[in-house]
1. In region B:40-85, what residues are among the small types (Gly, Ala, Ser) and in contact with a helix residue (DSSP H, G or I) (Cβ under 7 Å, 6 or more places away or on another chain)?
2. For a quick check of your reading of the model, give me the residue pairs whose first member lies in region B:36-48 and is in the same structural domain as B:His89 (by TED's automatic domain parsing), whose second is outside any loop (DSSP other than H, G, I, E, B) and among the hydroxyl-bearing types (Ser, Thr, Tyr), with beta-carbon atoms closer than 6 Å and at least 6 apart or on different chains.
3. Which of the residues spanning region A:159-213 are crowded, with 18+ Cβ neighbours inside 10 Å, within 14 Å of another protein chain (Cβ to nearest Cβ), assigned to a helix (DSSP H, G or I) and without any contact (Cβ under 8 Å) to a residue 24 or more places away in the chain?
4. Suppose the filter is crowded, with 23+ Cβ neighbours inside 10 Å and within 23 Å of B:Val180 (Cα to Cα); does A:Val276 pass it?
5. Can you run down the residue pairs with Cβ atoms below 6 Å, 6 or more apart or on separate chains, where the first is in region A:13-26 and closer than 15 Å to A:Pro53 by Cβ and in the same structural domain as A:Ile2 (by TED's automatic domain parsing) and the partner is assigned to a helix (DSSP H, G or I) and β-branched (Val, Ile, Thr)?
6. I'd like to check something: does region A:194-208 contain any residue that is at pLDDT 95 or above, under 19 Å from B:Met238 (Cβ atoms) and of a type in the set (A, V, I, L, M)?
7. Read through the list (1) assigned to a loop (DSSP other than H, G, I, E, B); (2) within 14 Å of chain A (Cβ to nearest Cβ); (3) modelled with pLDDT of 95 or more, then give the number of the only condition that B:Asn135 fails.
8. Since B:Ile141 meets every condition but one in (1) aliphatic (A, V, I, L, M); (2) assigned to a loop (DSSP other than H, G, I, E, B); (3) under 29 Å from B:Ser301 (Cβ atoms); (4) within 11 Å of chain A (Cβ to nearest Cβ), which condition does it not meet?
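The values are calculated or read from the model by the stated rules, or taken from the named source; none is laboratory data. Quick caveat, the model's predicted, so the values are computed rather than measured. Cβ placement follows ideal geometry from the backbone for every residue including glycine, while neighbour counts extend to all protein chains displayed.
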2 protein chains.
Amino acid sequence: MIIGLDMMGGDFAPREAVKGIHLYFSETDSPATLLLTGDEAQINPLLQEFNIPADKVKVVHTTQVIDMHEHPTKALKEKQHSSIAVGFHLLATGKSEAFISAGNTGAMLVGAMYSIKAIEGVQRPTISTLIPKNNGKMGLILDVGINADCKPEHLNQFAILGSLYAEHVLGIHQPRVGLVNIGEEEGKGNILAQGTYPLLKENAAINFIGNVEGRDFFTDKADVMVCEGFTGNVILKMAESFYEMTQSKGIQHEHLDRFNFENYGGTPVLGVAKPVIIGHGISHAKAFSNMIRLAEKMIASDLLSTMKSSFEGKAQAQ
Amino acid sequence: MIIGLDMMGGDFAPREAVKGIHLYFSETDSPATLLLTGDEAQINPLLQEFNIPADKVKVVHTTQVIDMHEHPTKALKEKQHSSIAVGFHLLATGKSEAFISAGNTGAMLVGAMYSIKAIEGVQRPTISTLIPKNNGKMGLILDVGINADCKPEHLNQFAILGSLYAEHVLGIHQPRVGLVNIGEEEGKGNILAQGTYPLLKENAAINFIGNVEGRDFFTDKADVMVCEGFTGNVILKMAESFYEMTQSKGIQHEHLDRFNFENYGGTPVLGVAKPVIIGHGISHAKAFSNMIRLAEKMIASDLLSTMKSSFEGKAQAQ
């Protein structure tokens, strides 16, 4: 198993990435080898400092870095020797089986869409966030920002992608799917929600349980919650800011720590043909370690083959 | 000053309403007289029990009650002797200057729209919620649920209504208006947000400061935050559930208490021609007292005249 990792992405690269690799290998008896893209002059001394086993990592030297604020499409086109562009090239050509970066999110999305491409039949790849439930479990909300305007069929596809991810990677058996809405009954909500409900209800590939409201996200009503990316992004950032508010006020509680999204690592781009994981810019060691674990799970569970099978024939049907 | 109050609305009516009246008169040296609609057999003994001064309240006996789950339009039409229908009649005919109820929200909205009617030029009346800021101030988000699908001009009007309310009732000088969005710069967001931004920017009646993201609601970036009612309702219910989560986990802090929305009483229906205030079904004494104070402020500040002036000429322009 070969997992690609961008060493230049994120606010604390490459040191926190190397610390994350160290954490990953110290906590797991992993079958994975890591293919690291980045500046070897910066990376190699850190690999030595943290005693990373030489047979577990391989550095592919790259000479450019896409900064956090560069225009994604332009940067990817002009910086073909960047750690992100090379990372995608390695994934696209089968030299690696997954690619992870905490760098420029836009460039990661563009790379995922154009070098890796959507699974046939998937209209809109999507990103998700984990939501900590009051009972200790986790839920998944998607889309959280890359599809600000959606049609009902897009949300229906998010439900399938989210369910497969929840089942095969999060280990939730027959995940319950809820439609994010502003009322309990069918027929409530905006035009999009009204149009989506019947599609979800008729979708035999998912376990649809009805609407979930803003008050239900932290309860254990549904495992997978679908919405367009505008509402989803507001939910994600508001949940992050709750945590920040409690921290700034000095409010401490172990349950609140579960709202520290840094711990969860990154989000996979669901619906593209190979595992691509995007991390938060502020990722520290634990986030990197968790992202590598996530890539490992996505490869080991063969999630992508399952997703491809689920969407077979849908491309023609559109 | 005469304020109408539905005594039969809410889960704990009429006792908590009477306790709220008691609290209101004990805390303020109010110029208001309250016009109470409801069953006098239930109300009068409670007024005695709580020593409510007889010259400060007048009971208008009503024989019907609209339950929380009745169909709003149907109930209002069929129950013309209900405490809500009579309350609206008193307001519409000038017998009272404001009307408050913690009863059936839908019936209150229908009554506001059809017996009181929108201010000329206002396309969509709206409801808002207060949001506690980290620095101790309060912000306002609107719409929070009655306008699930909006056009840019609706959000532009919410900005005006919210600004006038913030300035004249909440006492915020030149309130800063933010557009709820999923990015910082102009041009970000969904089609609605992209269409709304230029309208807000060009609106000389408001103090527009740009986009606010989910992470900015609790910071002091903007005083008035506008969005369609789908996103706004999700924000409101999620904020409520965050408070409930901390309570269920036994997490105590004075700042968290500011998220106890019960304390704030109710929301005015902004954009209708007279002060109408809708309370939460679970309203207790403090909520009722706060709603009476809010009605008093709305009347004393002559908010409605200011709103009417702001929209003068807009009806023709459409």
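1. The first filter runs over region B:40-85 and keeps only residues among the small types (Gly, Ala, Ser), leaving B:41, B:54, B:75, B:82-83, B:85.
Passing the criteria: B:Ala75, B:Ala85.
2. B:Thr37/B:Ser83; B:Gly38/B:Ser83
3. Correct list: A:Ala193, A:Tyr197.
4. Values: crowded, with 23+ Cβ neighbours inside 10 Å: yes; within 23 Å of B:Val180 (Cα to Cα): no.
Judged against the criteria, A:Val276 is not a match.
5. Short answer, once both residue conditions are applied: A:Tyr24/A:Ile292.
6. First pass over region A:194-208, keeping only residues at pLDDT 95 or above: A:194-208.
Restricting the remaining residues to those that are under 19 Å from B:Met238 (Cβ atoms) gives none.
Looking through region A:194-208, none of the residues is at pLDDT 95 or above, under 19 Å from B:Met238 (Cβ atoms) and of a type in the set (A, V, I, L, M).
7. Here B:Asn135 meets the rest and fails (3).
8. Here B:Ile141 meets the rest and fails (2).
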